[in-house]
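Here's the structure, in structure tokens; my notes come after.
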Amino acid sequence: MSNRNTLWASIFVDELSRSGLKTVCIAPGSRSTALALAFARHGQIKVYSHLDERSASFFALGLALASDQPSAVICTSGSAAANFFPAIVEAHQSQIPLIVITADRPPELRHSGANQTIDQIKMYGDYALWSVDVGLPEAQPDDLTIRNLRTLANRAYATANGIRKGMVHINMPFRKPLEPTPVEGDMTEVPDDARSRGDNEPFTHFERPIIEAPRAQIEHIVEIINKYEEGVIVCGPRASSAPDFLNVVLQLSEKTGYPVLADPISGVRFGSDKTIGGYDTFLMPPDDHMANPSVILRFGNVPTSKWLNEYLDKARPAHYVHVNRSGMWSDDLHRVSEFVQGDESLFCQQLGEQIRPRLQTNWQQNIQSLEQQSWKTIDEKIDEVGYFDGAVVHDVVKLIPEDSTLFMGNSLPIRHLDQFGQPGNKHIYAYANRGASGIDGNISSALGAGATRPDKPLVLVIGDVTFYHDMNGLLAVQRCGIPITIVVLNNNGGGIFRRLPIKDFDPEFTDLFTTPHGLEFQHAAHLYGLDYVQTSDRDTFRQAFVDSVEQRKSCLIEVRTDAQNDLKQRREVINAVLGNLQDLKIYTTDKPPA
């Protein structure tokens with residue numbers, strides 16, 4: 001090792017790798033030189049280089065979201081660290097494991113007016129699960145100091161990846177020389193009593209326990225399910241990260257007779273045709289086609305759908321059970337009557353072993369009829385009304401290849417996926433940044449998510465304003481070598497606001513909310529080396545989309561739509577569905593709801 005800084009950084013990075021770290025995103029800067037070189041020279045951590053900190057942090061967020069394992073991101077001192085903040089907020093809200101390492105000036109330069117120096121100590125506040133200001137590298141550190149540095153890395157990884165996952169902030173100050181130039185008197189060999197473990201083992205090994213719900217609580221819920229025939233299982237966003245959750249929750253559904261209402265980013269909507277996904281249409285007013293359940297069993301975060309949330313609010317079930325491994329509260333309606341902290345898959349298995357199996361009930365059959373008739377009408381009506389943004393999303397789900405990664409932008413795209421993304425046996429890895437639901441960094445997050453499965457197609461569906469917000473994230477397409485098909489729904493502004501009462505208050509509505517921009521994005525595509533297709537009809541879009549995903553070439557497909565016309569055509573589809581359900585007298589009880 002050349003000097004104290006390179007020794008310090010290399011020990012810390014090596015222990016992160018031994019703990020399990022596989023990826024890091026690095027934004028350029030001088031003060032973080034030792035860290036950048038330590039990562040680059042390690043050999044077992046994949047390095048993604050980004051020119052700006054916001055893109056780097058959201059790319060790391062996407063990596064961690066899709067892999068469910070910590071990713072790291074580093075930057076230099078000063079305002080560079082502040083650019084991480086939006087991604088850190090999302091990591092906190094969505095419980096995504098992220099290790100943020102900020103290089104810093106030494107203590108004598110803090111609060112001194114020194115250039116590129118701000119107060120970085122605990123700068124992310126309560127958004128960090130743990131925040132540490134690391135001591136300065138020493139010329140001749142004793143054994144205890146080096147062991148502390150090793151366990152710090154082990155603890156940082158374990159904390160980010162704990163029962164409650166989230167962000168850990170490590171602030172690391174360095175004095176010059178920052179480059180790996182030799183310094184006389186600096187230690188270059190680690191003493192025997194502070195060396196790393198053999199066989200690539202971490203210095204301190206952490207095991208994350210399986211959280212099992214108490215037996216008495218399981219027995220209580222078994223009694224509830226055995227007593228009540230009419231219930232639903234609601235899988236919200238990030239319902240479980242366990243690979244077997246889809247199978248075990250469907251087995252539980254089959255035994256209980258409780259249908260699974262699956263959010264599009266729950267991890268269970270796309271992979272089985274036995275889940276229910278048409279609720280965002282058939283639960284819409286004025287007709288309540290589903291009667292109120294006696295039991296709600298919910299996994300994951302608050303559902304995306306407004307109408308599903310209103311249904312859960314009005315249901316007044318005898319029991320509302322929420323299961324969450326981390327123990328974090330996620331019920332903005334404050335209706336939960338039984339909260340279970342436990343592993344979601346294990347919970348389903350334990351219930352399945354003890355409940356009395358039911359034959360298919362009228363309740364279950366009628367909800368399935370609602371589902372089947374809703375999608376039948378949606379398919380037919382989309383062919384009739386003309387092409388609109390919801391129909392584009394419907395086609396994306398139909399055409400995207402098996403095992404693809406699908407990332408949805410916030411605002412309208414994720415809502416379109418909820419309403420028009422039909423469940424099916426084709427497995428799709430669907431993601432969105434729904435913790436804080438911001439429109440910042442969505443391109444970068446999508447590319448990070450796609451980087452976890454580079455041999456599979458990556459599709460991003462995004463609105464025009466959200467695309468504009470993160471255009472610099474497109475540099476990672478070529479720089480990091482990640483092919484992507486980007487579908488931009490360009491309705492010339494914030495179309496989501498047309499669903500709100502403020503739409504009736506012009507001219508302020510147009511000037512301050514929809515904010516029409518008049519932009520087309522072919523120049524952005526060419527700037528960043530993407531193919532470009534503009535389309536406004538279904539046939540052209542479908543052909544361009546299939547060509548892009550099948551050939552694995554990066555392409556920006558800009559779909560020009562009109563926000564007012566989109567609302568009108570969407571309403572026609574909704575009215576057709578609700579009208580057909582009314583005509584067919586499909587209800588979840590023997591008589592229409594009062």
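Computed from Cα atoms, the angle from the helix 245-256 axis to the main principal axis of the chain rounds to 30 degrees. The angle between the Cα long axis of helix 33-42 and the main principal axis of the chain comes to about 70°, on a 0 to 90 degree scale.
State the percentage of accessible surface on segment 204-333 attributable to carbon and sulfur atoms; use a 1.4 Å probe and exclude ligands, DNA and RNA.
48
I want to verify the translational diffusion coefficient of segment 274-376 in µm²/s; compute it with Stokes-Einstein, Rh as the Kirkwood radius over Cα pairs, at 25 °C and 0.890 mPa s. It comes out at roughly 162 µm²/s.
The charge dipole of the chain, taken about its Cα centre with unit charges on the Cβ of Lys, Arg, Asp and Glu (plus for the first two, minus for the last two), comes to roughly 440 debye.
The mean of 1/r over all pairs of different alpha-carbon atoms in segment 301-430, once inverted, gives a Kirkwood hydrodynamic radius of 17.8 Å. The Thr188 and Leu399 beta-carbon pair, evaluated with R₀ = 60 Å, returns a calculated FRET efficiency of approximately 0.55. Of the two radii for segment 33-92, the radius of gyration is 0.96 times the Kirkwood radius, both from the alpha carbons; that is the Rg over Rh value.
Positive contributions from Lys and Arg (+1) and negative ones from Asp and Glu (-1), summed over other residues with Cβ under 13 Å from the Cβ of Ser19, come out at +2.
A crude spin-label estimate for the pair Asp199 and Glu179, with each label 7 Å from Cα along the Cβ direction, gives 4.2 nm.
For segment 21-66, what does the alpha-carbon gyration tensor say about shape, rounded, prolate or oblate, given a ≥ b ≥ c as the root eigenvalues, a/c under 1.5 as rounded, and a/b over b/c as prolate? Oblate is the answer for segment 21-66, as a/c is 1.5 or above yet b/c matches or exceeds a/b. Placing dummy labels 7 Å off each Cα toward the beta-carbon, the span from Thr361 to Arg542 is 4.0 nm. Relative contact order of the chain: 14 percent, from C-alpha pairs under 8 Å at least 6 residues apart in sequence.
Net length available on complete extension from Asp52 to Asn115 is 20.8 nm, with 0.36 nm assigned per residue and the Cα-Cα distance removed.
Charged neighbours of Ile276, selected by a Cβ distance under 13 Å, balance to -3 (K, R count +1; D, E count -1). Taking 0.890 mPa s as the viscosity and 25 °C as the temperature, the Stokes-Einstein diffusion coefficient of the chain based on its alpha-carbon Kirkwood radius rounds to 96 µm²/s. Highest mean first, the peptides 20-26, 535-541 sorted by other C-beta atoms within 10 Å per residue fall in the order 20-26, 535-541. Taking Lys and Arg as +1 and Asp and Glu as -1, the other residues whose beta-carbon sits under 11 Å from that of Ala80 total -1. Value of Rg to Rh for segment 421-479, rounded to two decimals, is 0.98; Kirkwood radius and Rg both from alpha-carbon coordinates. Estimated from helices alone, the mean residue ellipticity of the chain at 222 nm is -12000 deg cm²/dmol (sum of -39500 (n - 2.57) over DSSP H runs with n ≥ 4, per residue).
In units of the rule-of-thumb radius 2.2 N^0.38 Å, segment 121-271 shows an alpha carbon radius of gyration of 1.64.
Taking 56 Å as R0, compute the FRET efficiency from the Cβ-Cβ separation of Ser437 and Ala139 and round it to 0.05. Efficiency, from the Cβ-Cβ distance: 0.70. Computed from the Cβ-Cβ distance with R0 of 30 Å, the FRET efficiency linking Arg453 to Ser326 stands at 0.75. Here's the picture: a label point sits 7 Å out from the Cα of Arg479 along the beta-carbon direction, and within segment 41-82 the residues with their amide nitrogen under 16 Å of it are 47-63, 73-76, 80-81. Rg and Dmax of segment 447-542, based on Cα coordinates, read 15.8, 49 Å.
Across segment 133-181, Cα-Cα distances exceeding 13 Å account for 66% of all pairs. The angle separating the long axis of helix 85-94 from the principal Cα axis of greatest extent in the chain is about 50 degrees. Between the alpha-carbon centers of segment 55-76 and segment 259-284, tell me the distance in whole angstrom. The two parts, judged by their Cα centres, are 29 Å apart.
The values are calculated or read from the model by the stated rules, or taken from the named source; none is laboratory data. Here the structure is a predicted model, which means the values were calculated and not measured. Cβ: placed from backbone, ideal geometry, glycine included. Neighbour counts: every protein chain shown. Just the protein is used for accessible areas: all its heavy atoms, side chains included, with ligands, DNA and RNA removed. Shrake-Rupley method; radii C 1.70, N 1.55, O 1.52, S 1.80 Å.
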